[in-house]
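> Starting off with a structure, shown below.
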Amino acid sequence: MRAGRDSAWFGVGIRRQILSQETADDFIEMVRELESHRTCDASNKRHDLYRAAPEAWLESILRRNIKLLDSNLILSPIYNQFRSANDKIDLLALRRDGRLVVIELKTQPNREAVFQAADYWRKIELLRRRGTLAAANLFEGREIKDESVLVYLVAPAWSFHRDFEFFAASLAPEIELWRWELHEKWREKIEVLARINYSAR
């Protein structure tokens with residue numbers, strides 16, 4: 001919002017600017033650059049637009065078709081109401097059996113990933129128990145099962161932090177954590193190489 005008017009921004013980093021008649025040509029050029037560089041078969045894999053925000057890129061692929069990850073999932077079309085402070089859950093889905101699934105995406109090793117996922121589990125589980133999620137009708141009339149929320153931590157196989165196993169083992173038994181390993185070339189094709197249920201170990 002600027003001077004009582006809505007404003008649309010575009011660009012990356014310091015190149016961000018407000019969309020207007022004066023910047024329309026810059027916007028069109030940015031779209032052309034995205035078409036050229038923000039694609040799995042980009043000629044320059046070191047270009048800023050190819051390398052920028054990889055987790056957002058992975059999220060956008062799975063938002064379009066969550067069944068690429070797990071054919072048993074139904075994706076919620078609503079995410080913003082699950083913001084808490086500066087946190088935002090990547091994806092919220094429902095399995096065909098009615099179990100809610102919090103999906104956290106990573107593309108680089110992250111030592112805090114397990115604890116971040118556990119915190120999201122706590123927030124969504126609280127909303128589930130209160131009936132807030134059922135009342136919101138996120139899944140077009142499909143019933144949310146009265147069972148604890150599942151957590152899927154999804155990343156390329158080599159992008160799980162070396163301490164992942166140790167931290168996963170420290171979670172409370174009621175948190176059912178699944179590790180989903182993707183092929184490194186996920187931009188080209190989502191391929192699940194392995195899935196591990198840590199609550200079953």
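Any read-out appearing in this document is the output of simple, stated calculations on the displayed coordinates, not a laboratory observation. If you're wondering where the values come from, they're calculated on a predicted model, not measured in any experiment. Cβ atoms come from the backbone with ideal geometry, glycine included; neighbour counts cover every protein chain shown.
> Remind me, relative contact order of the range 53-200 in percent, using alpha carbon pairs under 8 angstrom and six or more residues apart?
It rounds to 22 percent for the range 53-200.
> Using alpha-carbon positions, what is the distance between the centroids of the range 105-123 and the range 157-190, in Å?
That distance is 9 Å.
> Can I ask one more? Can you tell me the dipole magnitude for the range 9-49 around its Cα centre, using point charges on the Cβ only (Lys, Arg +1; Asp, Glu -1), in Debye to the nearest 20? All intermediate terms of the calculation are to be shown ahead of the outcome.
Working: 6 positive and 8 negative charges, 52 e Å.
Magnitude of the dipole: close to 260 debye.
> Per 5 Å bin, what is the whole-percent P(r) computed from every C-alpha pair distance within the range 53-200?
Per 5 Å bin, starting at zero, the Cα-Cα P(r) for the range 53-200 comes out as 2, 9, 21, 24, 21, 15, 6, 1, 0 percent.
> Expressed as an acute angle from 0 to 90° and rounded to the nearest 10, what is the orientation of the C-alpha long axis of helix 24-37 relative to the principal long axis of the chain?
Computed tilt is about 50 degrees.
> Continuing with this model, one more query. With 10 angstrom as the radius, rank 71, 76 by how many other C-beta atoms surround their C-beta, starting from the fewest.
With the sparsest Cβ surroundings first, the list reads 71, 76.
> Quote the charge dipole size of the chain about the Cα centre in Debye, to the nearest 20; the model charges only the Cβ of Lys and Arg (+1) and of Asp and Glu (-1). Walk me through the intermediate numbers first.
Values: 33 positive and 31 negative charges, 43 e Å.
For the chain, the charge dipole is close to 200 debye.
> To test your reading of the geometry: what angle, between 0 and 90 degrees and rounded to tens, separates the Cα axis of helix 54-64 from the longest principal axis of the chain?
Helix 54-64 sits at roughly 70 degrees to that axis.
> Hey, got the Cα dimensions of the range 142-201 along the principal axes, in Å, largest first?
Each principal axis gives a Cα extent; for the range 142-201 these are 37, 35, 14 Å.
> For residue 108 and residue 65 in the same chain, what is the full-extension length gain: residue separation times 0.36 nm, less their Cα-Cα distance, in nm?
Working: separation 43, 0.36 × 43 = 15.48 nm, distance 2.21 nm.
Result: 13.3 nm gained on full extension.
> If you don't mind, another one. Relative to the longest principal axis of the chain, what angle (0 to 90°, nearest 10) does the C-alpha long axis of helix 113-130 take?
For helix 113-130, the angle is close to 70 degrees.
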